[in-house]
Amino acid sequence: MTDDERGLMMLERSIYEAQAMLEKEQTFRPFAMLLDTEGNIERLENSIENVRDAYRALYEEIKLCVEEKPIDIIVLLSDVAMPENIGEEGVESGIRVHLEERSQQHKKIAGRYIYVPYQLQRLAGKEEIHAKLFAPTAVSFPLEFLKENQSGR
């Protein structure tokens, strides 16, 4: 599997997990998934009540993991209000994926936020909720976790 395929796999897997949580709970708490050099995926989450604090705690935990283990890909997801200039007209909610890949660390602007707008919909005549996902939009920025000077052991 190429680096791009691994990145896409992590992105898809994390978005589908967020979508499943949205359909079950109509929201989701921040979580992260880390792919190490051996191909193992570690999921990080916490039970901190305040969502903003939960996100910050995950952010700090990821920084520690990167110092301790050889991490190739990081996805950190949160349930957000969509920025006004991104996404579908009239769709206010979104999944934001902070994606970093070690294979991209040589690039000046290599980190990405991928915004996936969504709407919760009740299917006609059914009790369950469906999370309809719309086309994603990417916004690039310099890496925060996988900086080139970090060895990744």
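The values are calculated or read from the model by the stated rules, or taken from the named source; none is laboratory data. Quick caveat, the model's predicted, so the values are computed rather than measured. Calculation scope for accessible area: heavy atoms of the full protein, side chains included, ligands and nucleic acids excluded. Shrake-Rupley method; radii C 1.70, N 1.55, O 1.52, S 1.80 Å.
Per-structure values
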{"quantity": "Rounded to 10°, Cα long-axis angle of helix 51-68 versus longest principal axis of the chain", "calculated": "30 degrees"}
{"quantity": "Coarse-grained scattering of segment 16-106 at q = 0.17 Å⁻¹, given as base-10 log I(q)/I(0) from a Debye sum over alpha-carbon atoms", "calculated": "-0.80"}
{"quantity": "Accessible area of R102 in the full protein assembly, 1.4 Å probe (Å², nearest 10)", "calculated": "40 Å²"}
{"quantity": "Listed residues H106, H98, H130, most fluctuating in the chain (Gaussian network, C-alpha, under 10 Å)", "calculated": "H106"}
{"quantity": "Value of [θ]222 nm, deg cm²/dmol, for the chain, DSSP H segments ≥ 4, -39500 (n - 2.57) each, nearest 500", "calculated": "-9500 deg cm²/dmol"}
{"quantity": "The chain: angle of helix 3-25 to the longest principal axis, Cα-based, in degrees nearest 10", "calculated": "40 degrees"}
{"quantity": "Solvent-accessible area per residue, Å², over the chain with all protein chains present [probe radius 1.4 Å]", "calculated": "58 Å²"}
{"quantity": "Alpha-carbon Rg with Dmax, taken over the chain, Å", "calculated": "15.9, 56"}
